[in-house]
Every structure is written in structure tokens, then in C-alpha cells.
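Student: Structure below; questions to follow.
The values are calculated or read from the model by the stated rules, or taken from the named source; none is laboratory data. Bear in mind that the values here come from a model prediction, so they are computed numbers and not experimental data. Backbone-built Cβ (ideal geometry, glycine too); neighbour counts: all protein chains shown.
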Amino acid sequence: MHAKGQGLPQIPETATTGLSNSAAMIRAYDNDHFLHPWEMMASLGEANRTISTRAEGIYVYDETGRRLIDGPGGMWCTQIGYGRRDMADAIADQVMKLAYHSPWNTAGEPSALLARKLAELAPGDLNHVSFTTGGSTAVDTALRFIHFYNNVLGRPEKKRVISREKAYHGSTYLSATMTGKERLHTLFDTEKRLVHFLPNVNPNLRPAGISEDEWCRAKVADLESAILELGPDTVGGFIAEPILASGGVIIPPEGYFKACWEVCRKYDVLFIADEVVTAFGRLGHWFASESVFGVVPDIITCAKGLTSGYLPLGACIISDRLLEEVRLRAAPDLMFNNGYTYSGHPVCCAAALKNIEIIEQEGILEHVRDISPYFLERILRLESNPIVGDARGVGLVGCVEGRLQGGVNGEGDRLALDREFGNRIDRTCESLGLIVRPLVNMCVFSPPLVITRSQIDEMFDILEAAIGRVAGELGI
């Protein structure tokens, strides 16, 4: 363990690599051998990524020892913060007690206890948990269950799932099929026969003179119209994030989520709440579906904050009602043959149990509800800047969206201009001590839930200074 603020140790230059220190070696190995998520192919091997060396609380330290606030909380997931000794001890204890057992053949204490705990925390009769490796596989499991369920019920045509523009649901074949981010240029195949996308629900896009309530009714009508157009006998499910996180923290109009749930009940369409981001405290509750939006879904998918990112784990939580319908119709040899080598991995489940214990014992949900209004106040202040098109948030998740009318020379296509904004803000923020992880022209925030009021000030003071600098560079 390196001392606080100390850079990576120096290593001798070698004739074979020409590298003078371990940071250069790590960056070279990273470029040469690690195919990162969302890697740019044209510049493969040319990245100059910051090297994360250690972390503590809400801060990550780079290869030079520089301290950076983790604004996006890793990938929306570091709820309890970094460097928790109690979490490390719980993980180590389980490793020594039982590092692995096959979920096909045996039961285990951590997975059974965690399944029971999630059943207690989840709304309604969502009492059965299929453990997965992360959010994508949790969504994949939910989609496969819809197909399985309708096959068992003798409705093989009822397979289409309705999703939304700007939605992000994962990277497996099925979950990527449900992803509706139109700027996500990809040559990967998806199964277009299984999905139908609804128009953007962002209330900021509503025409002049249309109230938010009218916009909400129109967006709910989009769902009902789609079900009727496709045929209720072909639509198996509707999948929705309560807040469209990776789409840019899009907050649908008030009442939208519940109204969509009611439409789904009307037409016997299963409602999947994708709470991979919003569960485990991001909005101040274990799950947002019922506590924030008044909905008891048929299925909830979750991951990320389930372990605060300490180990990979996801869960698909399914209604008892659905499973009972299957059980009553099941032939003796019928199996739900879906699962993974690491389903219910004992060490990952032990980490999740400790994570939930920490959140409970330290009152982190209450802290989020208490501090969220100040988080929102600070983020909304940024709207006064001429290069900020919109600032929005709820709970401890928010977004600052850039607005450039032209490039440095007043020219450029829309996507290039938006990327220019994001890249400039990213570089400037990092130089000042803040990670923002731009999504094109949007800086998203989902800091560790343990963030304090003074740290919120520190975070947004840096962002405000960075925006000012970028505005000056662009002559705005």
C-alpha cells in the first residue's frame, strides 16, 4: 500500500521497452492488451487514460498521487465509498470460509441470506431472486423469463418488449436489443423483431405551450398506442428505468411511471423496472419503484449499488404470482434453464450483505434524503452559464448538459460540437481534481452516497470553474 499522495514506484529503464517508470509500463500494457468497454477502434492503442491507483471515501488517486473527486461514482455504483476496511474483512472472511460452490448442486449461506434480504426489501410479492453477474445479465434474465413465461402459458407470440429512446439496458445480445440510445453508433447486431421503441420522454423537449401534465399524458398514450398497434397478444413486456441514467439522467414527467404501469396491467403486459442505477439508495430508498413512483413491478433488475462496486453482482427479482402461474402449468421435467457459473457467488453475496448492513447501520438512505435537496440546488445553479443548456437531478444523481452554438471557429456538425464540449469540460475538470465522465455533451453525477455537504460544494465549485474556463476558451 502506497502512502497517501505518493506516485507509483520508479523502475529502471529497459532496452526492450524503453519505458522509464511503472506508470508508463501500465499505460503501455493497457493500450496494447486491454480492449476497454466502448473502445474507439480508429485510435486503438493510442489512449492516454488516467491510471487509478487507489481510492478512499469519495476520492480516487491517480498515478501521480493527485486526488480526484469521483463525480460519477465509478459507474453509478460506489454507494458506501471506497476503502472500507469492514467490507474488505467481510470479503476476506468469506474467501477463507468458502470461496465458491456450484449453484447447480448446492445451497450456500451468503446467497440464501441475501435472497431473503432482497425479498424483504423489494416491494410487493417480489420474493424470488435470480442472481446474475451484473446489470446486463440481470436484464437478460428478465427478458428470457418473459419469453419462458409466455411459452409456458401457451402464448408463444407474446414476446415483443417495448422500450424507449435514450434507454440503456446493457451489453448482452438481448439487453443491447432493448437499448435505445440513438447516438450509440454500432455495427453490432440486435434482434429488432423483439423490441419496439417509444419516443423520447424528456419533458424538456415538449413543444411550447404544452404543460408537463399534457406531455405526460401524451407519453403514456405513446405506450398504449404501441401496444394496440403491435397487438396485445404480441407484447410481452415493457422495460423502463425510473430515471434514464446513461441516456443523460432524463427524469420523466411526474406520474409517468405509474401511469405506464397501469397501462401494462390493462393489457396483461409485464412491467420490468430496470433499477440497476436507482436501487440501493441512489434516490434515498432501497428500491425507487414503489417508494418514489408508487409502482410494484412484476420484475425488478438491479446491480451496481448492490455491492457498491466492490464485487460484480446483479439480481433479477421476480413476482411470486408469475412463478406460481408457471409452477401450476409445469410438466415434471420443466426447468428455467437460465443461470451462470457465478450465480449467487458466495463472496459476492457476502459483499452485498455487508454493503446492505453498512447502509442500514450508518443511516445512508436517510442521509441521501437529507442532502439531496442541496445537491440539486448546487447543480441547478449552473444553468445560468451560457454554455449550459440544462441542469437536472433527483436524489443523488444529476446531469449538466452543454450547449454550443458552434465550434471554436463557429463551425462543425452537432455531434462533433457536443463532443468538443464534453472533452473540454472533462480535461479541465480533471486538471482541477474532478472526474466527470462525459456522455458526449453531458456530465453525469452519481457520487458515493456518503458525500457530505462540503464535498458537494467542492465538486460543483470545480465544475463551475471548469465551465468558466471552457467558456473563456470558446470566447463565450
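Student: Output yes when any residue across region 32-50 is at pLDDT below 95 and touching a strand residue (DSSP E or B) at 6+ places or on another chain (Cβ under 9 Å), and no when none is.
Tutor: There is at least one residue in region 32-50 that is at pLDDT below 95 and touching a strand residue (DSSP E or B) at 6+ places or on another chain (Cβ under 9 Å).
Student: Can you report the number of residues in region 57-67 which are touching a Pro at 6+ places or on another chain (Cβ under 9 Å) and either assigned to a strand (DSSP E or B) or charged (D, E, K, R) (or both)? Reasoning before the result, please.
Tutor: Start the filter on region 57-67 by keeping residues that are touching a Pro at 6+ places or on another chain (Cβ under 9 Å), which leaves 57-58.
Narrowing the set further to residues that are either assigned to a strand (DSSP E or B) or charged (D, E, K, R) (or both) leaves 57.
Number of matching residues: 1.
Student: Scan (1) within 21 Å of residue 58 (Cβ to Cβ); (2) assigned to a helix (DSSP H, G or I); (3) in contact with a helix residue (DSSP H, G or I) (Cβ under 7 Å, 6 or more places away or on another chain); (4) not small (Gly, Ala, Ser) for the single condition residue 310 breaks and write down its number.
Tutor: (2)
Student: Taking only region 432-476 into account, find how many residues are over 17 Å from residue 400 (Cα atoms), outside any loop (DSSP other than H, G, I, E, B) and among the hydrophobic types (A, V, I, L, M, F, W, C).
Tutor: Within region 432-476, the first condition is being over 17 Å from residue 400 (Cα atoms), and the residues that meet it are 432-433, 448-455, 472-476.
Those still in the list that are outside any loop (DSSP other than H, G, I, E, B) too: 432, 453-455, 472-473.
Next, only the ones that are among the hydrophobic types (A, V, I, L, M, F, W, C) stay: 432.
Selection size over region 432-476: 1.
Student: Among 170, 180, which is in contact with a Phe, Trp or Tyr (Cβ under 8 Å, 6 or more places away or on another chain) and under 21 Å from residue 247 (Cβ atoms)?
Tutor: Numbers: 170 fails: in contact with a Phe, Trp or Tyr (Cβ under 8 Å, 6 or more places away or on another chain).
Residue meeting the stated conditions: 180.
Residue-wise test of (1) within 18 Å of residue 397 (Cα to Cα); (2) in a strand (DSSP E or B); (3) among the acidic types (Asp, Glu).
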site	(1), (2), (3)
40	no, no, no
47	no, no, no
50	no, no, no
55	no, yes, no
69	yes, yes, no
75	yes, no, no
80	yes, no, no
88	no, no, no
91	no, no, no
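Student: For residues in region 341-365 being outside any loop (DSSP other than H, G, I, E, B) and without any contact (Cβ under 8 Å) to a residue 12 or more places away in the chain, which is nearest to residue 114 (Cα to Cα)?
Tutor: 357
Student: Which of the following residues is within 29 Å of residue 346 (Cβ to Cβ), out of contact with any strand residue (DSSP E or B) (no Cβ under 8 Å at 6 or more places or on another chain), assigned to a helix (DSSP H, G or I) and not assigned by TED's automatic domain parsing to the domain that holds residue 76: 171, 175?
Tutor: Numbers: 171 fails: assigned to a helix (DSSP H, G or I).
Answer to the selection: 175.
Student: Taking the criterion of being loosely packed, with under 13 Cβ neighbours inside 10 Å and charged (D, E, K, R), would at least one residue in region 387-402 satisfy it? Don't jump to the end; show me each part of the working.
Tutor: Taking region 387-402 first, the residues loosely packed, with under 13 Cβ neighbours inside 10 Å are none.
No, every residue in region 387-402 fails to be loosely packed, with under 13 Cβ neighbours inside 10 Å and charged (D, E, K, R).
Student: Still on this model: Residue under question is residue 203, and the condition is that it be more than 30 Å from residue 437 (Cβ to Cβ) and in contact with an Asp or Glu (Cβ under 9 Å, 6 or more places away or on another chain); does it hold?
Tutor: Details: more than 30 Å from residue 437 (Cβ to Cβ): no; in contact with an Asp or Glu (Cβ under 9 Å, 6 or more places away or on another chain): yes.
Taking the combined requirement at face value, the residue does not satisfy it.
Student: Could you pull out the residue among 144, 155 that is part of a loop (DSSP other than H, G, I, E, B) and assigned by TED's automatic domain parsing to the domain that holds residue 290?
Tutor: Numbers: 144 fails: part of a loop (DSSP other than H, G, I, E, B).
Matching residue, one of 144, 155: 155.
Student: Which residues, taken from region 83-114, are in contact (Cβ under 8 Å) with a residue 24 or more places away in the chain, of a type outside the set (Val, Ile, Thr), within 26 Å of residue 284 (Cα to Cα) and surrounded by fewer than 22 Cβ atoms within 10 Å (Cβ to Cβ)?
Tutor: Matches in region 83-114: 83, 84, 86, 113.
Student: Do you know which residues across region 47-64 are of a type in the set (S, T, N, Q) and surrounded by fewer than 16 Cβ atoms within 10 Å (Cβ to Cβ)? It would help to see each step written out before you state the result.
Tutor: Going through region 47-64, the residues of a type in the set (S, T, N, Q) turn out to be 48, 50, 52-53, 64.
The answer is 48, 50, 52, 64.
Student: Are any of the residues in region 199-208 touching a residue at least 24 places away in the same chain (Cβ under 8 Å) and surrounded by fewer than 16 Cβ atoms within 10 Å (Cβ to Cβ)?
Tutor: Yes: region 199-208 contains one or more residues that are touching a residue at least 24 places away in the same chain (Cβ under 8 Å) and surrounded by fewer than 16 Cβ atoms within 10 Å (Cβ to Cβ).
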